Amino acid sequence: MAGPNPFAHFQKSFQKEEVNYKYFDLASIDPKYDQLPYSIRVLLESAVRNCDNFHVLEKDVQSILAWTPDLKQGQNDVEVSFKPARVILQDFTGVPAVVDFAAMRDAVCELNGDPEKINPICPADLVIDHSVQVDFARTSDALSKNQNLEFERNKERFTFLKWGARAFNNMLIVPPGSGIVHQVNLEYLARVVFEADTEGGKMLYPDSVVGTDSHTTMINGLGVLGWGVGGIEAEAVMLGQSISMLLPEVIGYKLVGKLGPLVTSTDLVLTITKHLRQLGVVGKFVEFYGPGVAELSIADRATISNMCPEYGATVGYFPIDENTLNYMKQTNRSEKKIEIIRQYLQATRQLRNYSDESQDPRFTQTVTLDLSTVVTSVSGPKRPHDRVSVSEMKKDFQSCLVNPVGFKGFAIPADAMENSGEFQWDDGKKYTIKHGSVVIAAITSCTNTSNPSVMLGAGMLAKKAVEKGLSIMPYIKTSLSPGSGVVTYYLKESGVIPYLEKLGFNIVGYGCMTCIGNSGPLDENVVNTIEKNNLVCCGVLSGNRNFEGRIHPNTRANYLASPLLVIAYAIAGRVDIDFETEPLGTDANGQNVFLRDIWPTRSEIQEVENKHVIPAMFQEVYSKIELGSEDWQTLQVSDAKLYPWNGESTYIKRPPFFEGMTRELPKFDSIKDARCLLFLGDSVTTDHISPAGSIARNSPAARYLSERKLTPKDFNSYGSRRGNDAIMARGTFANIRLVNKLVPKTGPRTVHIPSQEEMDIFDCAERYREEGTPLVLVVGKDYGSGSSRDWAAKGPFLLGIKAVIAESYERIHRSNLVGMGIIPLQFLPGQNAETLNLTGREKYNISIPTENIKPGQKIQVDADGITFETILRFDTEVDIEYFKNGGILNYMIRKMLN
C-alpha cells in the first residue's frame, strides 16, 4: 500500500501575495542534479513528488538521479515510473477511450454489481474533435458548409462525448470546430507549471502531458514535457496508473547561427527531421540547446517539436527560457502566474539561458546544426524524412518517376513518361494534366498553423501574387484549415484573407483535414483523367505526413512544404519546376513573374507579426472556447452512469474486449500451428494498418454498412467510426497502398494458405477464426510508424493476431500491441524474413514460457522446420503483467476489483 513520501523533507516554499507556494527543491537532493538534461529533470520531479513506494518507488528517484551519458539503448534495463500531470485526447482516439470506459464500467458492474466502482479519475482529461472532412473548396461558405456537414455526420459521436463529460470525473470537452488539439494545447491548455491546491498552500510542479496523438510532442516547444502514447496506454494513465518506461538516452541537438532571410521554420524542421532520422533516435529523448535556440520563436520550436514522430524520437524538448514566458504573456496567460512560474523555475534551476554554456547539461551524444546552412526544402514523395532542396526538386521528381517502385520511385516506363490527359472543366475550358501536376494544395492544420510567421508569410505571398495577376487552375483542390480561431483572427487583422481567398485558399474548417486524408473527393473528370493515363499527380501540403494512400487515392506523390511553398506550387500547377529559372506566370504587362518576386523576407513577416499577433486575440478566442456552437449547446444527452448502448448504431458499439472476462488471470500458452495473415516489408505505418480516411465502396466495411441500409454518401470515414469495433475490424489493413507479399497486387488482400484462395483480409481472418487457426504477422523494419493509433493494435487483436514478428518497431505501436495482449517479437540483429528464407506460407510455432517469462528474453520460432530465435519485446515487467492479464484494460479492471 501507499506510504509517506520519503522525500517530503525536501519541500520548500515561498510567499506571493499571501499565498504559500510549495515545491520540491530538486537541486538539494543530489549534486548530480545540475548535470542532468532538463528533460530528465522533469521525470525526476514527478518521481520525487509522487513517491509513495507503491506506485512510484524510491528506487525510481535514485535511478533517475543516476542518469548518465553512458546509458545506451539495448544495454539499458533501468525501468522507472512516470506520472504525467495530465492526459490529452483528440476526438478520433477520444471516442474509443470513452467507449472503453463505458464498457469497463459495464464489466465491473457485471463482475461485482457495482457501477460506481469505476469512475475514472483523470489528471486532466481532454477530448477534442478535429474530424472535419473537406468537401467544399474554393467557396466563400466552405467553413459553414463543412461545419454543418460535420455535425450532421457526427451528431451521434458528439452526443456520446458530451455524455462522457458528465459521466466521468475531470473530463473537459473542447467542442468541435474549435481548433486542432495540438494548437489549442499550445495556446490555451498548457500551464508550463501546475498549481495544485494542497493543505497549507499550493503545490507547484512542471506541466507534463501524454496524449493519444503522436504529435502531442508539439508542446515540447513550450518547455512542457509531453509525448504520444497509444489510446490504450492513455486510458490506464487516466485511471491513475503510472507509465512504466526505460530511462532514455538524451541526444543533445545544438543549434548555432541564424536562419537566412528567405528560409522558413518548415525548411528547418524538414532538415532536422532528415538529419535525426538518419542519426537514429527512435525511443530516445532529443533536447535542443545552444545559442541558435534563442533565435527561434516558440512557434518555430513548436514546429520542430511537432515533427518529432517523423524523426522517431520520444520527445524533441526545448527547456523553458524567457522567450517561453514572453510567449505565455503574448497568449494572454496572466502576469501573476507568469511571475510565479519564473520564481519556481529559478528556484529549481529549470529556467534555461541558451547563451550560457555553463548551463549546458551532459548528453548521451551531441550533434550540431548551423542554422545558416538551411535551405528552402520540401519532403517526399512518400515519406516525411525524405527532404529535397527546392533547387533540386525538378530533377528529383523526374528521377522518382523512373526509379524502381519504392519510397523514391514509381517505375514509370520510358514510353509513358510524357503521358498526359485533357478534360473539360465547369468553366467550359479544357485543361491538361501530366506527371507532376498538382491536384491538391492544402495549408493544413498540423505543424505549421501554430506558426504565425509561415501563416502570415503565406498570406503576404498570396497578396503579392494576386497583385501580379497570378492565379491557380480551378481544378486544383485548395484549402486552408487553421489550427485555431486565433490564426483566422490575425490573418483577417493583417488584411491577407481576401488575397488567400482570391487564390482559392478559403478557410474550410478547424481540424485535421488533408494531412489525415480528409480532403474530400476530387472532381470525377480529374480522377478519370489520372486513372486513364496512369499519371503520377501530386498533393502539396503543409502537414506532417505524406505516406502512400494517406492524402488521397489519386495523388501518388505527396510533398510536405511550408504554407508559402504550397501556394507557390499551386500557382505553378506542377512540382517539376525550377523556380530559379522558370517563371510562375506573367503579369498584366506580359512580364515574367518569378517566385523570388513575390517571396516575403523573414523581417517583413516579423514586422506584420509583431503588429497583429497580440494577447487580445487569444483572450477573445479562448474566453468562449468551451461554449461551442449552438448545435453543440443544444445536444441533449443522458445523465445515466451506464451508457444506454444502441444495438442498431453504426457509430457507437459496446466493444467485445471484456466479453467473458473473469476475476482470475486467463491461462496463456505457446502459439501452435499459426498462419501468417500478412507478409509485409519495411515502414508499414499505422495508416496502412488502420486507415483513418474514407471508407471505400468495395470494402468489407462498406458491405457491413450497406447491409444496414446506409448509402455511400453516409459511410463517412474510419476515423469518425472508431467507436464501432465491427467497422474498425473490417477496416484493419484496408489501405489501398498496402504491399502484402502473399498476393501479386497492391491493396487490402491476402491469401488463405490452406485453400490458396485470395480474398479480402477481414474475410480471410474470419475464415481462419472459424477453423480455429491463430494468426501472426511477419514484417520488416519500423513497423507501426506514424500516428499513435490505438486501433492499429485493437484491429489486429480482433482479427485474431496473436504475435507480430518484425525487424523493428516504432515505440508507440509496440506499446499498443502489448496493451492489447499481442506479443511483439523482433528478429535478431542481421536476420529478417529474407535471410531466413521465410515465405509467409509456413505454419508458425512460437514457444512462449508459461513461467518465468522475462523482458527481452529469447523466444524460439519454428516455421515448417526453419528454426530461429527472436527477442521478446516486452521491455518491462509491467509489460509482462499486462500480457498475463490479456491486455492493459483487463489489468486495470482486475486491479480496481481487488
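The values are calculated or read from the model by the stated rules, or taken from the named source; none is laboratory data. All values reported here derive from a predicted model rather than from experimental measurement. Cβ: placed from backbone, ideal geometry, glycine included. Neighbour counts: every protein chain shown. These accessible areas exclude ligands, DNA and RNA; they are computed on the full protein's heavy atoms, side chains included. Shrake-Rupley method; radii C 1.70, N 1.55, O 1.52, S 1.80 Å.
Taking the Cα of Lys854, stepping 7 Å toward and past its beta carbon, and measuring to each backbone N in the range 806-827: which are under 18 Å?
Of the residues in the range 806-827, 826 have backbone N under 18 Å from the label point off Lys854.
How do the peptides 809-816, 368-375 rank, highest first, by the average count of neighbouring beta carbon atoms within 10 Å per residue?
Result, highest mean first: 809-816, 368-375.
Pop a pseudo-label 7 angstrom from the Cα along the beta-carbon direction at both Gln365 and Ala414 and give the gap in nm to one decimal.
So the label points at Gln365 and Ala414 sit 4.3 nm apart.
List, in order, the whole-Hz ³J(HN,Hα) value for each residue of the range 84-89 obtained from phi through the Karplus relation with A = 6.51, B = -1.76, C = 1.60 and θ = phi - 60°; use x for Gly and Pro.
Those phi angles translate into x, 5, 7, 10, 10, 10 Hz.
Working with all protein chains in place, sort Arg166, Arg349, Arg86 by solvent-accessible area computed with a 1.4 Å probe, largest first. Before the final figure, lay out the partial values.
Working: Arg166 135, Arg349 115, Arg86 5 Å².
Putting Arg166, Arg349, Arg86 in descending order of accessible area: Arg166, Arg349, Arg86.
With every protein chain kept in the model, how would you rank Leu351, Leu777 by accessible area, 1.4 Å probe, largest at the top?
Leu351, Leu777
With each label point set 7 Å from Cα along the Cα-Cβ vector, what nm distance links Glu758 and Asn403?
Result: 2.7 nm between the two label points.
Can you work out ³J(HN,Hα) from phi for every residue in the range 563-580, in order, using Karplus 6.51 cos²θ - 1.76 cosθ + 1.60 and θ = phi - 60°, giving whole Hz and x for Gly and Pro?
Here the 3J(HN,Hα) series is x, 5, 6, 4, 5, 4, 5, 5, 5, 5, x, 7, 9, 8, 10, 9, 4, 6 Hz.
Which aspartates and glutamates, on any chain, are close to Lys59 with Cα under 12 Å apart, when same-chain ones fewer than 8 places away are left out?
Within the straight-line cut-off, Lys59 pairs with Glu79.
For the chain, what does the relative contact order come out to in percent, with C-alpha contacts under 8 Å and a separation of six or more?
It rounds to 13 percent for the chain.
When the accessible area of the chain is computed with all protein chains present and a 1.4 Å probe, what percentage of it is carbon and sulfur?
47
Which order do Lys395, Lys709 take by accessible area at a 1.4 Å probe, largest first?
So the residues, ranked largest to smallest area, are Lys709, Lys395.
Hey, got the Cα dimensions of the chain along the principal axes, in Å, largest first?
Ordered largest first, the chain gives principal extents of 81, 76, 57 Å.
Give me log10 I(q)/I(0) at q = 0.18 Å⁻¹ for the range 671-897, Debye formula, one equal scatterer per alpha-carbon, no solvent.
Relative scattering, expressed as log10 I(q)/I(0), comes to -1.39.
Using a 1.4 Å probe, what is the accessible area per residue for the range 784-855, in Å²? Don't skip to the end; give the middle numbers.
Values: 2290 Å² over 72 residues.
Counting only protein heavy atoms, the per-residue value for the range 784-855 is 32 Å².
Arranged from highest to lowest average of other beta-carbon atoms within 10 Å per residue, in what order do the peptides 224-233, 296-305, 488-497, 7-16 appear?
The peptides rank, most packed first, as 224-233, 296-305, 488-497, 7-16.
Per residue of the range 690-700, in order, report the coupling 6.51 cos²θ - 1.76 cosθ + 1.60 (Karplus, θ = phi - 60°) as ³J(HN,Hα) in whole Hz, putting x for Gly and Pro.
9, x, 9, x, 5, 8, 5, 5, 9, 9, x
Please compute, for the alpha-carbon atoms of the range 415-620, the extent along each of the three principal axes and give them in descending order in Å.
The principal-axis extents, from largest down, are 57, 40, 29 Å.
When all protein chains stay in place, what accessible area (Å², nearest 10, 1.4 Å probe) is found for Lys611?
It works out to around 150 Å².
I need to check one value: relative contact order of the range 415-620, counting alpha carbon pairs closer than 8 Å and at least 6 residues apart, in percent.
29
Taking only C-alpha pairs under 8 Å that are 6+ residues apart, what is the relative contact order of the range 158-242 in percent? Mind dumping the intermediate values first?
Working: 88 pairs, mean separation 16.2, N = 85.
Averaging sequence separation for qualifying contacts and normalising by length gives 19 percent for the range 158-242.
If you average the alpha carbon positions of the range 656-701 and of the range 267-315, how far apart do those two centres end up, in angstrom?
32
Any chance you could run the full-extension gain for Val19 through Arg663? It's 0.36 nm times the residue separation minus the Cα-Cα distance, nm to one decimal.
Value of the extension gain: 227.1 nm.
Can you pull the semi-axes for the range 287-414, root of five times each eigenvalue of the Cα gyration tensor, sorted largest first, whole Å?
Numbers: eigenvalues 321, 50, 34 Å².
Equivalent ellipsoid of the range 287-414: 40, 16, 13 Å, largest first.
Working out 0.36 nm times the residue gap between Gln636 and Lys145, then minus their Cα-Cα distance, what length gain in nm do you get to one decimal?
Taking Gln636 through Lys145 to full extension adds about 174.5 nm, to one decimal.
Which order do the peptides 636-649, 827-840 come out in when sorted by mean C-beta neighbours inside 10 angstrom, highest first?
By packing density, highest mean first, the sequence is 827-840, 636-649.
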